[in-house]
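Take a look at the structure below.
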Amino acid sequence: MPRWLLPEGISDVLPTEARRIEDLRRRLLDLFRVYGYELVAPPLVEYLDALLVGSGKDLAQQMFQTVDLLSGRTLAVRADMTPQVARIDAHRLNRQQVVRLCYTGSVLHTRQQSLAGSREPLQAGCEIYGHQGLEADLEVMELMVEAIRLAGSNRLQLDLSPAGIVRIICEIRGLNHNLHDLVHDLVLSKNLPQLRAQLGEIDLTLAEILSEISMLYGDISAQDDSLLRRAAELLPEHRLVHEVLDGLRKIAEANLWQDYPQLRLSVDFGDMRGWQYHTGISFSAYLDQHPVAVARGGRYDNVGASFGRSRAATGFSLELRELAALAPEPCPALAVRAPWRDDPALRAAVRALRAKGEIVVQVMPGHEDEQEEFQCDRALVLLNGDWQLQTL
């Protein structure tokens, strides 16, 4: 096997793509900062048990693991940065007030999450800790929408999901907890015949409720709450059910969405991803004609309990490489061409231009006709003993 061959799902990022990703990363961090989010940089490797806090059971299978020769404990390469940021809030910062944190960095997966996806996604995201109300959820949703718009797309669908609703229904009906994982898998996969077969003899009413609710999907808005009214008819009468539906209704009625006329708001009661750790409304962002969500988020209260400090928490994350790939092809960066000479006056002119933020490409002798990635629209030329800019 050639030494240059990379593992499946792992790839180099070449100059044009790397520049596009880095430009988007910088603009995202600037956006997060103006919203008041502080940047943190967790380590790439931690003890496995810390990385699994507040995550679903499947995350362990996505992690590369090894034994730490110093401690004898199991180490893992992070597959998601959210547990690390929760640890920082709960243990390292230990602040009492609302905390806003943002992050960006590579994660590593044992398997690709989509056919064309990478096993080394570049993740970026934001989290709010310390506020229980929907105000925090709406803020991170707004910030997620603004982050996606930075990539140049306005036509966006925000898909809401009450990820815990199936668990609530099962608990109301008294279903054995040993069956919860199976029920959620069947609802998520929309395997209704198997769902009815598994639950029919145990609780036929529950089987019918879950079958109906798993297919309940559609747009919602302040003007049209018919889908939520249909959900209220299907779901059992219970305080927790009312809280879920009221939360969805308040989000749909928020004035925030008036600022985004091209955004579609929808609800999917059958999307149970993250049900093991989401404690409130979760959400996914989709762009037109792109089948995979470009960003996901939701509420996951009490995630810090395992670190000794339970906190309300909500946030989102996105994959920078995928989002950057969906952006329009950027124009080549404009640059200044200059010869390469051991000339103090030339070096001074080049330094002065670079200090102003100009890109200056010094052409090596014998390579004057080679094309660069940059579009050189000006050149430094020697005129009357001075190095001067000349338009090409």
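The values are calculated or read from the model by the stated rules, or taken from the named source; none is laboratory data. Just so it is clear, the structure is predicted and the values come from calculations on it, not from any experiment. Here Cβ is always computed from backbone atoms with ideal geometry, including for glycine, and neighbour counts include all displayed protein chains.
Every residue in region 157-195 that is assigned to a strand (DSSP E or B), of a type in the set (A, V, I, L, M, F, W, C) and either touching an Asp or Glu at 6+ places or on another chain (Cβ under 8 Å) or within 14 Å of Ala207 (Cα to Cα) (or both), please. First the steps, then the outcome.
Residues of region 157-195 assigned to a strand (DSSP E or B): 157-162.
Add one more test, that the residue is of a type in the set (A, V, I, L, M, F, W, C), and what stays is 158, 160.
Leu160 - this is the single residue of region 157-195 that is assigned to a strand (DSSP E or B), of a type in the set (A, V, I, L, M, F, W, C) and either touching an Asp or Glu at 6+ places or on another chain (Cβ under 8 Å) or within 14 Å of Ala207 (Cα to Cα) (or both).
Any chance region 137-148 includes a residue that's within 23 Å of Ile21 (Cα to Cα) and surrounded by fewer than 17 Cβ atoms within 10 Å (Cβ to Cβ)?
Within region 137-148, the subset within 23 Å of Ile21 (Cα to Cα) is 140-148.
Those left that are additionally surrounded by fewer than 17 Cβ atoms within 10 Å (Cβ to Cβ): 142, 146.
Checked against the condition, which is being within 23 Å of Ile21 (Cα to Cα) and surrounded by fewer than 17 Cβ atoms within 10 Å (Cβ to Cβ), region 137-148 yields at least one hit.
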- Message: When you scan region 326-339, do you find a residue that is under 30 Å from Tyr286 (Cα atoms), in contact (Cβ under 8 Å) with a residue 12 or more places away in the chain, touching a Cys at 6+ places or on another chain (Cβ under 6 Å) and buried (at least 18 other Cβ atoms within 10 Å of the Cβ), even just one?
- Response: no
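Those residues that are part of a loop (DSSP other than H, G, I, E, B) and either among the hydrophobic types (A, V, I, L, M, F, W, C) or in contact with a Ser or Thr (Cβ under 6 Å, 6 or more places away or on another chain) (or both), I need them from region 91-111; list them, please.
Filtering region 91-111 for residues part of a loop (DSSP other than H, G, I, E, B) gives 94-98, 107-111.
Within region 91-111, Val98, Val107, Leu108 qualify.
Filter region 165-177 down to residues that are aliphatic (A, V, I, L, M) and buried (at least 21 other Cβ atoms within 10 Å of the Cβ), then give me how many there are. Outline the logic, then answer.
Narrowing region 165-177 to residues aliphatic (A, V, I, L, M): 165-166, 168-169, 172, 175.
Narrowing the set further to residues that are buried (at least 21 other Cβ atoms within 10 Å of the Cβ) leaves 165-166, 169.
Counting residues in region 165-177 that are aliphatic (A, V, I, L, M) and buried (at least 21 other Cβ atoms within 10 Å of the Cβ) gives 3.
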- Restricting region 355-375 to residues that are modelled with pLDDT of 90 or more and surrounded by 12 or more Cβ atoms within 10 Å (Cβ to Cβ), the one nearest to Ala18 (Cα to Cα) turns out to be Ile359
- Conditions (1) surrounded by fewer than 20 Cβ atoms within 10 Å (Cβ to Cβ); (2) touching a Lys or Arg at 6+ places or on another chain (Cβ under 6 Å) -> Tyr37 fails only (1)
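When region 304-332 is examined, which residues are found to be of a type outside the set (D, E, K, R) and either under 13 Å from the mean Cα position of the chain (by Cα) or within 16 Å of Gly133 (Cα to Cα) (or both)?
Looking only at region 304-332, we keep the residues that are of a type outside the set (D, E, K, R), and these are 304-308, 310, 312-318, 320, 323-328, 330-332.
Listed by number, the residues that qualify are Ser310, Ala312, Ala313, Thr314, Gly315, Phe316, Ser317, Leu318, Leu320, Leu323, Ala324.
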- Note on the structure: Checked against (1) surrounded by fewer than 21 Cβ atoms within 10 Å (Cβ to Cβ); (2) modelled with pLDDT of 85 or more; (3) not acidic (Asp, Glu), Pro162 satisfies every condition except (1)
- Go through region 270-295 and give me each residue that's touching a helix residue (DSSP H, G or I) at 6+ places or on another chain (Cβ under 9 Å) and without any contact (Cβ under 8 Å) to a residue 40 or more places away in the chain. His290
- Task: Check every one of the strands (runs of 3 or more DSSP E) wholly within region 333-392 and list those with 3 or more residues that are over 43 Å from the mean Cα position of the chain (by Cα).
- Result: 375-383, 386-391
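Could you check region 128-155 and list, in sequence order, the residues that are small (Gly, Ala, Ser) and part of a helix (DSSP H, G or I)?
Step one: of region 128-155, the residues small (Gly, Ala, Ser) are 130, 133, 136, 147, 151-153.
Hits for region 128-155 are Ala136, Ala147.
Yes or no, residue by residue, for (1) of a type in the set (Asp, Glu); (2) crowded, with 16+ Cβ neighbours inside 10 Å; (3) in a helix (DSSP H, G or I):
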{"site": "Val13", "(1), (2), (3)": "no, yes, no"}
{"site": "Ala41", "(1), (2), (3)": "no, no, no"}
{"site": "Asp49", "(1), (2), (3)": "yes, no, yes"}
{"site": "Thr66", "(1), (2), (3)": "no, no, no"}
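If you check Ile148, Ile220, Ile172, Ile209, which single one turns out to be touching a Pro at 6+ places or on another chain (Cβ under 6 Å), modelled with pLDDT of 85 or more and not hydroxyl-bearing (Ser, Thr, Tyr)?
Values: Ile148 fails: touching a Pro at 6+ places or on another chain (Cβ under 6 Å); Ile220 fails: touching a Pro at 6+ places or on another chain (Cβ under 6 Å); Ile209 fails: touching a Pro at 6+ places or on another chain (Cβ under 6 Å).
So the residue among Ile148, Ile220, Ile172, Ile209 that is touching a Pro at 6+ places or on another chain (Cβ under 6 Å), modelled with pLDDT of 85 or more and not hydroxyl-bearing (Ser, Thr, Tyr) is Ile172.
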- Message: If I ask for residues that are among the polar types (S, T, N, Q), crowded, with 18+ Cβ neighbours inside 10 Å and within 13 Å of the chain's Cα centre (by Cα), which ones from region 100-136 would you list?
- Response: Thr104, Gln123
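Could you tell me which of the residues Gly133, Gly200, Gly125 is touching a residue at least 60 places away in the same chain (Cβ under 8 Å) and small (Gly, Ala, Ser)?
Numbers: Gly133 fails: touching a residue at least 60 places away in the same chain (Cβ under 8 Å); Gly200 fails: touching a residue at least 60 places away in the same chain (Cβ under 8 Å).
Residue meeting the stated conditions: Gly125.
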- Residues in region 68-90: is at least one exposed (fewer than 14 other Cβ atoms within 10 Å of the Cβ), at pLDDT below 95, assigned to a helix (DSSP H, G or I) and not hydrophobic (A, V, I, L, M, F, W, C)? no
